[in-house]
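One structure is given below, encoded as C-alpha cells.
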Amino acid sequence: MRATFFMIGQNARSYPSLVRRVVAEGYTIGNHSYSHPNFTTLSTTQQRASMDNATKYISAAIEGGYRPCFFRPPYGSYNSTTINLARNRGMSVVKWSKTPGTGPLRRIAARLSRKRSSLMRPAR
Ligand SMILES: [Zn+2]
C-alpha cells in the first residue's frame, strides 16, 4: 500500500485543512478511530460510533468526500467485532504501518504536535 497516515477523527475535525494537506501530499488516509479508545473495552455500538465518526470527519474535510480503506485499532487492540465492523465499511484492519520518516508528512506531523501532542499518529 501507499504510505498511509492513520488519522484520529477528533483531530480531523479540529484541523480539516491538515487532512487536505496530507491528501494533497499524496498520502492515503486511514481511520484510527475517533478518540483513540481501546476497542476491546467498547460495546459494538461504541466501536461502530468511533469508527464512523472518524470516517465522517475525515471525509468532511475532503471535497467530494473520502472513504478510508484501512482501519488501525488504537494500541493494536481489537476483537472480532472490530474486524466485522471494519469489513462492513470496506476497511481492512491493519495492525502495523511503516512510519514515514522523512518529507512532507513528517513536517505535517511536527506541525500538529506543536499545536497539541499526538494529534495525528502515522503508525503507533
Ligand atoms: Zn494510535
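Residues in segment 4-36 that are surrounded by 17 or more Cβ atoms within 10 Å (Cβ to Cβ), within 16 Å of the ligand (Cβ to nearest atom) and outside any helix (DSSP H, G or I): 12 in all.
For segment 66-124, a residue qualifies if it is crowded, with 18+ Cβ neighbours inside 10 Å, in a helix (DSSP H, G or I) and at pLDDT below 95, and the qualifying residues are P74, L105, I108, A109, L112.
Among the residues of segment 62-81, are any more than 14 Å from the chain's Cα centre (by Cα) and within 16 Å of the ligand (Cβ to nearest atom)? Checked segment 62-81: at least one residue is more than 14 Å from the chain's Cα centre (by Cα) and within 16 Å of the ligand (Cβ to nearest atom).
The values are calculated or read from the model by the stated rules, or taken from the named source; none is laboratory data. Here the structure is a predicted model, which is why all the values come from computation and not from measurement. For neighbour counting, all protein chains shown are included, and Cβ atoms are generated from backbone atoms with ideal geometry for every residue, glycine included.
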